[in-house]
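Below: the structure, in structure tokens.
The values are calculated or read from the model by the stated rules, or taken from the named source; none is laboratory data. In this text the structure is predicted, and so the values were computed from the model without any measurement. Using ideal geometry, Cβ is built from the backbone for each residue, glycine included, and neighbour counts are taken over all protein chains shown. Calculation scope for accessible area: heavy atoms of the full protein, side chains included, ligands and nucleic acids excluded. Shrake-Rupley method; radii C 1.70, N 1.55, O 1.52, S 1.80 Å.
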Amino acid sequence: MTNKYNTVLCTGITNNLIRRVYEHKEKSIKGFTKRYNIDKLVYYEVFEDITDAIACEKQIKGGSRKKKVELINGFNEAWKDLYEDICD
């Protein structure tokens, strides 16, 4: 996820993506995402196994900003907010 200007990136995992993005958009959870107005979903992956999800999250978090931007650009070149797409 990122903010309006795509200047801050945040990576995390959840068992309910629609709910979690909604919480970010509503600023209902205190912390990093609320402080930096992170409310735009620009990339996501779906996993059946939580172990695989955690491993992927760690790999993404451990990577450079350049690697994260490349990952997002490969999935969503326009950095469009994908929230509406996942709600359909």
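Annotations for the structure displayed:
- Yes/no for Leu9 being in contact with a Phe, Trp or Tyr (Cβ under 7 Å, 6 or more places away or on another chain), surrounded by 13 or more Cβ atoms within 10 Å (Cβ to Cβ) and of a type in the set (A, V, I, L, M): no
- Output for region 31-57, where each listed residue is touching a residue at least 24 places away in the same chain (Cβ under 8 Å) and hydroxyl-bearing (Ser, Thr, Tyr): Thr33, Tyr36, Tyr43, Tyr44
- Number of the condition not met by Ile60 [criteria: (1) open to solvent by less than 50 Å² (accessible area, probe 1.4 Å); (2) β-branched (Val, Ile, Thr); (3) touching a residue at least 60 places away in the same chain (Cβ under 8 Å)]: (3)
- Residue in region 21-29 that is open to solvent by 70 Å² or more (accessible area, probe 1.4 Å), under 12 Å from the mean Cα position of the chain (by Cα) and acidic (Asp, Glu) present: no
- In region 63-88, residue farthest from Glu26 (Cα to Cα) [restricted to those that are surrounded by 12 or more Cβ atoms within 10 Å (Cβ to Cβ) and of a type in the set (S, T, N, Q)]: Asn73
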